[in-house]
Amino acid sequence: MLSVEEARARILAALAPTAPETVSLPEAWGRVTAEPVVARLTQPPADVSAMDGYAVRAADAQEGARLRVIGSAPAGRPFAGAVGPGEAVRIFTGGFLPAGADSILLQEDAEAGADGMVLVKETVRHGRWVRRRGLDFAEGEAVIPAGRRLSARDIGLAAASNHAWIAVHAAPRVGILATGDEIALPGDPIPAGGIVSSNAHALAALVRAGGGAPVVLPIAPDDTAAIAAAARAAQGCDLLVTTGGASVGDHDLVQQALGPEGFALDFWKIAMRPGKPLIFGRLGRTPVLGLPGNPVSALVCGVLFLLPALARLSGLPGDPPRTRRAVAGAPLAANDRRQDFLRARLEEAAEEGPPVATPFPVQDSSMLATLARADALILRPPHAPALPAGAPVEVIVLGELGL
Ligand SMILES: Nc1nc2c(c(=O)[nH]1)N[C@H]1C(S)=C(S)[C@@H](COP(=O)(O)OP(=O)(O)OC[C@H]3O[C@@H](n4cnc5c(N)ncnc54)[C@H](O)[C@@H]3O)O[C@H]1N2
Ligand code: MOO
């Protein structure tokens, strides 16, 4: 059995970022830049006022001085002339600083007279309230690097630097194929001995959280021909994810079904719990991630392997999920050779210190309710010794992953 780290490394090594495409700014949020965004202008384009007030020469604007107001410079309508000695120009936030002026007299520090003069009530410091040309960024500057997932802030920056379109990696299309005779879609009639399929829906949501576009395929029964046909249909996807049929039972048919289709197995089985019978390989050009059917196993494998795979396909490195330090809220048993991921509640420490992670007492991999209520997964490395309550542990915080 492979370690979690080795399995993840092999999955990532087999994946390449999707091709770039050009999308409009509102579409670009959450996507990963395929090339740097280079500013097409300098911002601000000129020295501008940061406040409403008067553009003045600081040398003239001593407390008690009276300056002649010779014009006005609102944002978008620069004053054409120049400010000479003893003069001022009425200016508003964002207005271009007129020639000759070097500072702004704040409106609150001035008193306009009916005679076209303005009284300086507070001495003006040279350069005060002037935003220099290029303060924010300069034309030609790479304001956003390639390989960055675009935040709302980045979208604003791209717009300000005069880009209406951005080259990003295509959102990875992930085919999701749930298999099993016993499963039915929520709301559909449930066959005798059947259960409702939760995996496809949960995984589709996880794919969205990871920046991908889920393509949920119809459920395939435990029948090699049906599984093969469904998998063939999904070959246009950047990744095919199956759930169920990954284990050793007579009805666990994913490998049997895909074999004759030319499936090349990379590995099967990982030293982890839940999630041992994970399959990874390639069907033609399409990488295939075969997740176990147990709902918690499928989602935990989704966190550990599918999210990094989505990141890699999206143009990011595909780092493992970030772990944080916590302390055990209950004693933990010694672990065997499989790395364990325990569903746990996470609570702030009573006093200062790391949060407290308390595992749910029953960790059966069919139990979705405990997964939904869990805030975190406690990592228990292979062969970890028993730990008392209060001992330090590493946790993956599920909320941080958007799950
Ligand atoms: N003799 C052994 N039996 C099992 C082993 C083993 O090593 N030796 N491994 C166990 C482990 S661990 C897991 S995990 C499961 C994984 O099995 P499969 O991937 O083959 O999944 P299925 O057998 O098809 O289903 C398992 C379980 O999950 C339910 N299921 C399946 N699909 C869905 C779905 N879309 N939504 C909700 N629930 C689903 C299914 O009804 C089963 O109850 O194998 C163990 N057995
Ligand atoms: O690994 Mo299975 O996923 O333990 O239930």
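The values are calculated or read from the model by the stated rules, or taken from the named source; none is laboratory data. Owing to the predicted nature of the structure, the values given are computational and were not obtained by experimental measurement. Glycine gets a Cβ as well: all are built from the backbone with ideal geometry, and neighbour counts include every protein chain shown. Remember, those area values only see protein heavy atoms, side chains included, never the ligands or the DNA or RNA. Shrake-Rupley method; radii C 1.70, N 1.55, O 1.52, S 1.80 Å.
Sorting 82-88, 374-380 by their mean Cβ neighbour count within 10 Å, with the most densely packed peptide first, gives 374-380, 82-88. What would the Debye equation give as log₁₀ I(q)/I(0) for segment 144-280 at q = 0.11, 0.13, 0.14, 0.21 Å⁻¹, counting only Cα atoms as equal point scatterers? With no solvent term, the Cα-only Debye profile gives -0.52, -0.67, -0.74, -1.31. At a probe radius of 1.4 angstrom, the accessible area of the chain per residue rounds to 46 square angstrom. Highest mobility in the GNM of the chain, judged by mean-square fluctuation with C-alpha springs under 10 Å and restricted to N199, N162, N294, is found for N162. Here the chain has 53 percent of its accessible surface on carbon and sulfur atoms, given a 1.4 Å probe and all protein chains in place. The alpha-carbon atoms of segment 48-131, seen along their principal axes, cover 30, 24, 21 angstrom, with the largest extent given first.
Shown here: segment 39-178, whose C-alpha atoms stretch 81, 29, 23 Å along the first, second and third principal axes, sorted largest to smallest. Counted by Cβ distance under 15 Å from L2, the other residues give a net charge of +4, where Lys and Arg count +1 and Asp and Glu count -1. Of all the options V48, V174, V288, the one that moves most in a Gaussian network model of the chain with Cα springs shorter than 10 angstrom is V48. If you take all other residues with their beta carbon under 9 Å from the beta carbon of R57, and give Lys and Arg +1 and Asp and Glu -1, the sum is -3. The stretch between R337 and Q363, if pulled fully straight at 0.36 nm per residue, gains 7.6 nm over its current Cα-Cα span. With a cut-off of 13 Å between beta carbons, the residues surrounding G329 carry a summed charge of -1, where Lys and Arg count +1 and Asp and Glu -1. Under the classification rounded if a/c is under 1.5, otherwise prolate if a/b is larger than b/c and oblate if not, where does segment 323-401 fall, given a ≥ b ≥ c as square roots of the Cα gyration tensor eigenvalues? In terms of gyration-tensor shape, oblate. When segment 234-297 is described by a simple charge dipole with +1 on each Lys and Arg Cβ and -1 on each Asp and Glu Cβ, the residue from W268, G245, A257 located farthest towards its positive end is W268. Rg/Rh, computed from the Cα trace of segment 266-340 with Rh as the Kirkwood radius, has the value 1.03. Where only DSSP H runs of four or more residues are counted, the chain gives -4500 deg cm²/dmol as its mean residue ellipticity at 222 nm, each run worth -39500 (n - 2.57). In units of the rule-of-thumb radius 2.2 N^0.38 Å, the chain shows an alpha carbon radius of gyration of 1.43.
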